[in-house]
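Before any comments, here is the structure.
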Amino acid sequence: MEKEDIDFPVSAQVYMLEKTGTWRAGEMSDIGHGQNDDAFCWVDLSLEQNGAFEWLAEDIGIDPLTCEALFHKGTRPRVSRMNDGLMVILRGVNCNPGHDPEDMVAVRMLFCDDMIITLRKKLVMAVRDIQQMIQKGDGPESKGDFLVFVTELIADRMGDVVQDLDETVDQIEEDLIEPGELDLASTIADAKRVAIHLRRYIAPQRDTLYRLAQERVPWMSEIDRAQLKEVAERTARFVDDIDSARERAGIAFDEVSNQMAGQMNRAIYTLSIVTTVFLPLGLLTGLLGINVGGMPGAEFEWAFWLVTLLIVVLGLGLVWWFKRIRWL
């Protein structure tokens, strides 16, 4: 379909890069007009927008399989080549209010001809940052520059979250040094959960960025590829830090479990000793407490005190014996 015939059933944020290298806010009707080899437009579209799938597939002419990949709910970081274009899907930490950072949000990007299309379900801070940069007159100068900006902004926030995770594990290890600090199981479990969730997407994103840095498309310069490779290296370090934090949290959990088991064993041991000491004493008092005829000492006025003395001597004797055989 020719660009002049495109219908616009959806609304989105549109930004136009002029021939002079400056950005301006545009409309959906501007798509396909005013761009040349050195300029392009950026369309930021919500997945919740009715008609978005049909607009991409029918009006823009995107392959249906590519559209399905872009709209898939459980998408993972990936890059796919399309002629001279790219489909890039990345994950960023969730910085939206009321959400956990490890509940990562996806930014779906389509680089084709003279257009960039980004799709997202939730607000992606990296996309918002670029919008703010454009409004200040300091936006990316090319499609390659746009891609580098997005990956760097995602990595910056990701680094903050990974650092917070590392500091949490450091604090756990310090708390373990303090005697009696064993109420850490829930904190350790939270740290391990965060590490697992982060690694689920950051590890494949590392591989995606490495592959992205090797893609040979006309609009991506060697400088862009070098910057993407540097972002991939940073992401690889994040994966190493997450693995280290998860292993350290596992060791801390084992230490807490061992200390709790030690306390439990000592408590059970103490109860066992007490039970062993008082078992024969209880048997003796129970035997003397039966209410039948012929009970010895029933008519003797000092019988109670003699039995009490016998019980004390027997108890002390048992304690001495346990110490001698090293049970105490």
**OP:** May I ask you to list the residues of the stretch 94-119 whose amide nitrogen lies under 15 Å from a point 7 Å from Cα along the Cα→beta-carbon direction of His197?
**Re:** 94-106
Original post:
Glu141 accessible area, nearest 10 Å², 1.4 Å probe?
Top reply: 140
Subject >> Computed label-point distance, nm, for sites Gln135 and Ala25 using a 7 Å Cα→Cβ extension >> reply: 0.8
Original post:
Gain in length, Ser244 to Glu58, computed as 0.36 nm per residue apart minus the alpha-carbon separation, to one decimal in nm?
Top reply: 62.2 nm
Subject >> Amide H contacts of Leu47 (H built 1.01 Å from N, under 5 Å, at least 5 apart or other chain) >> reply: Arg120, Lys121
Original post:
GNM on the chain, C-alpha springs below 10 Å: top fluctuator among Leu119, Leu310, Leu47?
Top reply: Leu310
Original post:
How far apart, in nm, are two points set 7 Å out from the Cα along the Cα-to-Cβ line at Leu65 and at Gln263?
Top reply: 5.9
Subject >> Highest-MSF residue in the chain out of Ile223, Ile117, Ile154 [GNM, Cα springs under 10 Å] >> reply: Ile223
Original post:
Hey, if we sort Met16, Met260 by accessible area with the 1.4 Å probe, largest down, what's the order?
Top reply: Met260, Met16
Original post:
In percent, what relative contact order does the stretch 147-239 have, based on Cα pairs under 8 Å that are 6 or more apart in sequence?
Top reply: 37
Subject >> Nitroxide proxy distance, nm - points 7 Å out along Cα→Cβ at Ile223 and Leu287 >> reply: 9.9
**OP:** For Glu230 and Arg326, calculate 0.36 nm times their separation in residues minus their Cα-Cα distance, and state this gained length in nm to one decimal.
**Re:** 28.2 nm
Original post:
Which ³J(HN,Hα) values in Hz, rounded to whole numbers, follow from the phi angles of the stretch 183-195 under the Karplus curve 6.51 cos²θ - 1.76 cosθ + 1.60, where θ = phi - 60° and Gly and Pro get x?
Top reply: 7, 10, 4, 5, 5, 5, 4, 5, 5, 5, 5, 4, 4
Original post:
For the chain, what is the relative contact order in percent, using Cα pairs closer than 8 Å and at least 6 residues apart in sequence?
Top reply: 13
**OP:** Could you work out the relative contact order of the stretch 37-148, using alpha carbon pairs under 8 angstrom and six or more residues apart, expressed as a whole percent?
**Re:** 26
Original post:
Under the rule of -39500 (n - 2.57) per DSSP H run of 4 or more residues, summed and divided by the residues of the chain, what mean residue ellipticity at 222 nm is obtained, to the nearest 500 deg cm²/dmol?
Top reply: -19000 deg cm²/dmol
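For the stretch 176-235, what does the accessible surface come to per residue with a 1.4 Å probe? Please give it in Å².
Ligands and nucleic acids excluded, the figure is 54 Å² per residue.
Would you mind telling me the share, in percent, of accessible area of the chain contributed by carbon and sulfur at probe 1.4 angstrom?
54
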Original post:
What is the stretch 52-161 by shape, rounded, prolate or oblate, if you read a ≥ b ≥ c off the alpha carbon gyration tensor as root eigenvalues and call it rounded for a/c under 1.5, prolate for a/b larger than b/c, and oblate otherwise?
Top reply: oblate
Subject >> On Cα atoms only, tilt of 143-177 relative to the major axis of the chain in degrees >> reply: 10
Original post:
Quick one: how many Å² of Ile196 are accessible to a 1.4 Å probe, rounded to 10?
Top reply: 90
Original post:
Given (i) 29, 25, 21; (ii) 76, 20, 15; (iii) 44, 25, 16 as candidate values of semi-axes √(5λ) of the Cα gyration tensor in Å, which corresponds to the one derived from the coordinates?
Top reply: (ii)
Subject >> Average silhouette area of the stretch 151-221, convex hull of alpha-carbon atoms, in square nanometres >> reply: 5.8
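Divide the volume of the convex hull of the Cα atoms of the stretch 185-282 by its number of residues and quote the answer in cubic angstrom per residue.
Looking at the stretch 185-282, the number lands at 83 Å³ per residue.
The values are calculated or read from the model by the stated rules, or taken from the named source; none is laboratory data. Small disclaimer: the values here were computed from a predicted structure and weren't measured. Reconstructed Cβ throughout: ideal geometry from the backbone, glycine too, with neighbour counts over all protein chains shown. Please note that ligands, DNA and RNA were not included when accessible areas were found on the heavy atoms of the full protein model with its side chains. Shrake-Rupley method; radii C 1.70, N 1.55, O 1.52, S 1.80 Å.
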